[in-house]
Structure formats: C-alpha cells, structure tokens
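Working notes, structure below.
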Amino acid sequence: MKSKAAYLTPYFLWIALFVIAPMALILYQSFFSITGHFTFANYEEYLSSSVYLKMTFNSIWYALIITVLALAISYPTAYLINQLKNKQLWLLLIILPTWINLLLKTYAFIGLFSQNGSVNDFLRFVGLGSHQILFTDASFIFVATYIEIPFMILPIFNSLDELNPSLINASRDLGASNWQTFRRVIVPLTMPGVKAGFQAVFIPSLSLFMITRLIGGNRVITLGTAIEEHFLVTQNWGMGSTIGIILILAMFVVMFLTRDRKNRGGQIR
Amino acid sequence: MAGKVIEFRHVIKSFDETQVLKQIDFEIEAGKFYTLLGPSGCGKTTILRLIAGFLHPTSGEILFNGQTINEVPANQRQVNTVFQDYALFPHLNVEQNVAFGLEIKKVDKKIIKNKISDALKLVQLSGYGQRNIDELSGGQKQRVAIARAIVNEPKVLLLDEPLSALDHKLRKEMQGELRALQQRLGITFIFVTHDQEEALAMSDQIFVMNAGKILQSGTPVDIYDEPINHFVADFIGESNIIPGKMKDDYIVTFDGHDFECVDAGMKTNEAVEIVIRPEDLDIAPANTGKMNVTVDTQLFRGVDYQITAHDVNDNEWKINSIHKTTVGQMVGLNFDPEDIHVMRFGEDEATFDARLEQYE
Ligand SMILES: Nc1ncnc2c1ncn2[C@@H]1O[C@H](COP(=O)(O)OP(=O)(O)OP(=O)(O)O)[C@@H](O)[C@H]1O
Ligand SMILES: [Mg+2]
C-alpha cells in the first residue's frame, strides 16, 4: 500500500503543480478588473459584447473547418499508409515535420507565400500573374491544417492498425462489397481514433494565435489572439483569464461530446 | 444424387518463392461432412481461404457447381466461413452480428428478425440477441459465429479449427452439436482440425494433409484401417510401425518370422513397413502367441492398460489390453492376418487404391 502511494506522489504533485494550480490561478485572475478589484464584470462583458461573441464564433468556426479538412485528408492517408509494406517508415515521414519548431514552419510558409515567394514565382512562370496569398483566410486555413494533419493521422492510423484483418474478411465473406465493409465495419471500428484525432486537432485549433497573426495577418481574430492581446498588449489579465476559462470550458465540452461511448447493443437499423 | 459442389484441379499456391500448396486435387460432394486434417502449417487454412476467395490460386482451377470461380470475389461466393478466431464484429451485438449478411442482401426486416431467432435457437442461444460480444464465453462466441454463417444458408460452410479454443468437455459437446447440425441442415461442411480424434469422430470423409499435399482421403474407417504410409499411420491414432519384407503375396516377414497377411500385389522381397494398431494386439502366455515381447511399462487408463514392450530385435511395441501383466515379464502376442497393414514406400494414393481394389 505504502509503495503505491510512493509511486503516485510524483504524479499527484505534477497534476497539482502544472494542471490544477494554473487553472485555479486563471480562474482567480478572471474575477479581477484591470484596476485590481474583485468583480464579475469580465464575464458580463464577455457575454454581452458582440465583439467577444463574434470572436468565439470565429474560433469555433475556423477550428471546425481546420479539423474537418484535416480529417478529410488524414483518414484516406492513414488508410493508404496502413496498406503499404513499410507502413511504420511512411508514418515516421509524416510525423517528422512535427519535430520542427512551429515558428520555423510558419516562417517557411511566409517565405513560400509572400509576393516574391516560390508560389508566386511559379504562378508568374505559368502566366497566372502574382496573387496576394499571405494574409488571407485561405492561407491561414491551409497552414493551420497542414500543421495539424499529423496529429490527426497518428490516432487514426493506430486504430486502423489495430483493426483485426479477419473482421474485414468476415465482412467480405458475409457478402459485403468493399464499400459496405468500409462503411459498416472499418469506419465504426476506427471511430475511437477519429474522435481522438478530433480532440487532438480541434482543441488546440480553438486557441491558435501565432499563425493567425503571421499567416492570417490578424484578419481572423480568434480567442487565442484575444488572450495574447490582453496579456501582452492591453495588460488586462482579468479579461484574458476570463477568455481562458471559456476556452477550458469549450475543451471540456468537446471532450464530453467525443467521449468513448460503449455501444450498448440496440435495435437493428 | 448429390453432385460435386467444389472441385480443386491441380491447384498450386505459392507465397513469393515458397510453394505452400503443391498440386491439390479433390472433389467435395454436397451434403457431406469433410475434414482437412494435418499438422500445423501444412496448408489447411490456405485451402479454406482459396475456397472462400480471400486468396487466389497461383495456378490450377477451383470449380463451384461445375463453374470456375478463380476470379469470383469473396463476397459473391455462396460459401460462409466460421473463422479460427471467430471474427465477430465487436461493435455489434449478437443479433446485429447474425443479421449482418442478411442486411447486406437487403432482406426484408421482418424476415431477418425471424431468421435471426431461428438461427439463435438452432445454436441454443435464444435470448442472447442483445448481448455484447465481449459478454460471451468462448463457446458462446463460437456458436454466434456459426449462427452468423448458417443464417445465410450457404451451400458450403467452412470451419477453421472452431473448437481449438474450447476446453475438453465443451469441445466434445460441440463436436456432437456440430455433427448433428450438419446432418439437420444438409449443408456441406469443410472442417479443419489438427486433432485426429476430432476428425475421426465427426467426418464422413477425411483428407489427411502434410506439407502442402493431400496424402490420403477416405472415410475415417478406411484411413484408420488402411493408412497409406508411415506419416498417416503415425498421425492417425497410435500405431506400431515395424520394417518388414514382402516374401510373397499374402506373406510378410518381420522380426525374423513369416506372417500371414491380407496384402498382395507387390514385388517379391520388396521392403515394406507394417502397421499393427495397439488395440489389435492380444496378450497371451509366453511362447503361446505369434511372437514374444518383454513388458517395459504398464499404465492403467480406466478402460484398459497401455503397455509398452520390446521384442528380441528391440522394436518397440504398444499394446492396449484389458488384462493386466507384470513389468519385466515376457508375454506372447497374438494378432490376426487382417490386423497387419502393409505399407509400401512412396506409393501414391491412386496406385494404393488400385492395388487395394484388386484383392478386396
Ligand atoms: N500470407 C502468407 N504469406 C506467406 N506465407 C504464408 C501466408 N499464409 C500462410 N503462409 C504459409 O503457408 C503455410 C501454410 O499455412 P496455413 O495457414 O494454411 O497452415 P495451417 O495448416 O492452417 O496451419 P495451422 O494448423 O497452424 O493453422 C505456412 O507455412 C505459412 O507460413
Ligand atoms: Mg490454420
């Protein structure tokens, strides 16, 4: 019994210091005005201001687009990789870019997308003229999706990899075509991977800020941008913390919606 | 009369360079219980996968009702499989698993309901429809797998060692149930096992395989009584295999003596092996039998004693006897001419059958 407690102590310490304490601090901060008085005004302002509500909507909307795009690209990719001979190697190649610093990757895209970047060079070369690529919604979504894709592929790949191949044979054996097998067996059985990928992409995407600034040119203002602004520019830590609390709540909502629900049988559809 | 459902013509299957099946030829008749019997890795599952359509032959032809099905995809074949690991869908409950094939065929919902309940009743799992797969025991899973297959009314049911995961008692029970089920439904069963007792107990027809070849096919009694070679004799039941010589038709020499036998059609003085089953040997007082052996061990097994002994040439003899002997004692052995089975070296099945035909 004693040894078990000893094992768990570092874990509890870690949770207390790096999870509970920061959240408690944020919650505490969110009840103070910019002048240092205890108040509910931050929450009142957040809920009544159309600016903040629009920002919230924007965050959710863009995070959703990024997640759905990442899913649409990642599922087929994970599926194809899983069919390949050296699948672990191919997976590694996809995971590799995540080891490069995010800021570096972002600057690389600035280089690619700028007026004198390679993409515009190419467009001019094929006679399409140069275009404003940087600082558009499209480039923001493109880069954000690119960065999030590995985090979507990994859990989906794992769930496909764990799928017992004899289940696919069983489905074929019972007369299902490839498509029917995919829809009735493969998709439901890889749902846990899709949900994990959804969480891993959607939640961080809610609070993206660096890419919105460097690639999106601050045209898209999300909650992440707002938090950065409040802490670093306006110094309104109370409001920043309030938005932080909102994001944490959003996180819990997403986790609740995508939780593992055990299929308790049910009727035949 | 029942015709051929499945036929293999010179089927060869290779994976990369290795030939896993070396020229397989056989015919499967409708409504019978067939067993593929052989040691691990001999290619039993590969044959089932070829029939089901998960694999395609490297060369040769597979026919179904007289038509080549080499190119027919698995989902369009009228066979269903009970997989070695059951392969039940974990995201569906028992009822949904059984319904899977019928839903794919877009059968009417009401009919599906009836068929499911019939199928579950058949495998004695009525009332388990709403259970999750992970709430079932091994034997129950196996029965769901059978229900899921037979509900589609296949022409042929393939069963890949479905009983190997069960304990001895349940296994015996399921053997009886499967056999009864097959006779009730009249569906052709192709059953895979590496357990010779199971094969003998259940089958109409057994194919004994080794290393990608079918060595012998026949009824359980044929194969048990007339094994074609050393491998089959050894694999099917316990046996005494002794080197000998064919002195003349109906006379074989082993252990320095001539014995009367029922085999013929071989060359004079051809080297052969003879097989005598332990239960065909009777113990007699020393010097009153056809030969003498000295008892080495004796084991009581409930119904009889399992005795090992050796003769003057140090050949080992296994004897099953209901009479007790004494270890270290010399005893006589008696057997009848028809208990001696003569096997030639390297005789193939066709020649073997033809030779047996001549003098039977
Ligand atoms: N996909 C494959 N690729 C390469 N070799 C294979 C493949 N499938 C089977 N084999 C080889 O073919 C041989 C026969 O395999 P098979 O599965 O038919 O054996 P089995 O008789 O069913 O054995 P067991 O009783 O162990 O199930 C084995 O040596 C196996 O290693
Ligand atoms: Mg096998």
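Brief remarks on what is shown
- Legend: mean number of C-beta atoms from other chains within 10 angstrom of residue C-beta atoms, peptide B:144-153, equals 1.
- Counting only Cα atoms, the stretch A:116-192 measures 57, 25, 17 Å along its principal axes, largest extent leading.
- Each Lys and Arg adds +1 at its Cβ and each Asp and Glu adds -1 at its Cβ; summed about the Cα centre, the stretch A:101-194 shows a dipole of about 160 debye.
- Interface A-B: total buried accessible area of about 2700 Å², 1.4 Å probe, protein heavy atoms only.
- In the stretch B:300-360, Rg over Rh equals 1.12, where Rg is the alpha-carbon radius of gyration and Rh the Kirkwood radius from pairwise Cα distances.
- When peptides B:62-73, B:119-130 are sorted by average Cβ neighbour count within 10 Å, with the highest value leading, the order is B:119-130, B:62-73.
- Label-to-label distance, nm, for residues given as B:Asn70 and B:Glu197 (7 Å Cα→Cβ offset): 4.3
- Most positive-pole-ward Cα, A:Ala41, A:Gln115, A:Thr242, against dipole of chain A from beta carbon charges: A:Thr242
- Separation of the B:Asp348 and A:Ser3 label points, Cα + 7 Å toward Cβ, nm: 6.6
- Taking chain B and dividing mean pair separation by its residue count, relative contact order in percent (alpha carbons under 8 Å, at least six apart): 15
- Surface per residue (accessible, 1.4 Å probe) for the stretch B:4-225, Å²: 41
- Largest to smallest principal axis extent of the C-alpha atoms in the stretch B:282-334, angstrom: 30, 20, 14
- The label-point distance for B:Tyr250 and A:Val51, in a model that sets each label 7 Å from Cα toward Cβ, rounds to 11.7 nm.
- Simple point charges give the picture: +1 on the Cβ of Lys and Arg, -1 on the Cβ of Asp and Glu, and for the stretch B:282-334 a dipole about the Cα centre of about 180 debye.
- Reduced Cα scattering model of the protein assembly as shown, Debye log10 I(q)/I(0), q = 0.11 Å⁻¹: -1.12
- Full-extension gain in nm, A:Met251 to A:His131, via 0.36 nm per residue minus C-alpha separation: 39.5 nm
- The mean number of partner chain beta-carbon atoms within 10 angstrom of a residue's beta-carbon across peptide B:73-84 is 4.
- C-alpha long axis of helix B:94-104 to longest principal axis of chain B, angle in °: 70
- When the stretch B:4-225 is described by a simple charge dipole with +1 on each Lys and Arg Cβ and -1 on each Asp and Glu Cβ, the residue from B:Met174, B:Phe64, B:Asn75 located farthest towards its positive end is B:Asn75.
- Accessible-area value, B:Tyr305, 1.4 Å probe, nucleic acids and ligands omitted, Å²: 40
- Checking every one of the trypsin sites (Lys or Arg not before Pro) in the stretch A:54-145 against DSSP loop status and a limit of 11 other Cβ atoms within 10 Å picks out A:Lys85.
- Subset of A:Lys87/B:Lys106; B:Lys141/B:Lys169; B:Lys245/B:Lys324 violating a 25 Å alpha-carbon distance limit: A:Lys87/B:Lys106; B:Lys245/B:Lys324
- Debye, to nearest 20: dipole size of the protein assembly as shown, +1 on Lys, Arg Cβ, -1 on Asp, Glu Cβ: 4540
- Bins of 10 Å, starting at 0 and running to the largest distance - Cα pair percent for chain B: 5, 21, 26, 22, 15, 9, 3, 0
- Extension gain (nm, one decimal) between B:His91 and B:Gln329, 0.36 nm per residue minus Cα-Cα: 79.2 nm
- For the stretch A:108-174, the fraction of 1.4 Å probe accessible surface lying on carbon and sulfur atoms is 67 percent.
- Computed over the stretch A:38-257, the Cα gyration tensor eigenvalues convert (square root of 5λ each) into semi-axes of 36, 26, 14 Å, ordered from largest to smallest.
- Between B:Val262, B:Ile112, B:His323, the Cα set farthest toward the positive side of the dipole of chain B (charges on each charged residue's Cβ, about the Cα centre) is that of B:Ile112.
- Carbon + sulfur, % of accessible area of chain B - ligands and nucleic acids excluded, 1.4 Å: 49
- Two-site FRET efficiency, A:Ile95 against B:Lys113, from Cβ-Cβ distance with R₀ of 56 Å, rounded to 0.05: 0.70
- Two-site FRET efficiency, B:Gln358 against B:Glu153, from Cβ-Cβ distance with R₀ of 51 Å, rounded to 0.05: 0.70
- For the pair B:Asp222 and B:Asp314, a Förster radius of 45 Å applied to the C-beta separation gives a FRET efficiency near 0.90, rounded to the nearest 0.05.
The values are calculated or read from the model by the stated rules, or taken from the named source; none is laboratory data. It should be emphasised that the depicted structure is a prediction, and the values quoted were computed from it without experimental measurement. Positions of Cβ are generated from backbone atoms using ideal geometry, with glycine treated the same way; all protein chains shown enter the neighbour counts. Side chains included, ligands, DNA and RNA excluded: accessible areas come from the protein's heavy atoms. Shrake-Rupley method; radii C 1.70, N 1.55, O 1.52, S 1.80 Å.
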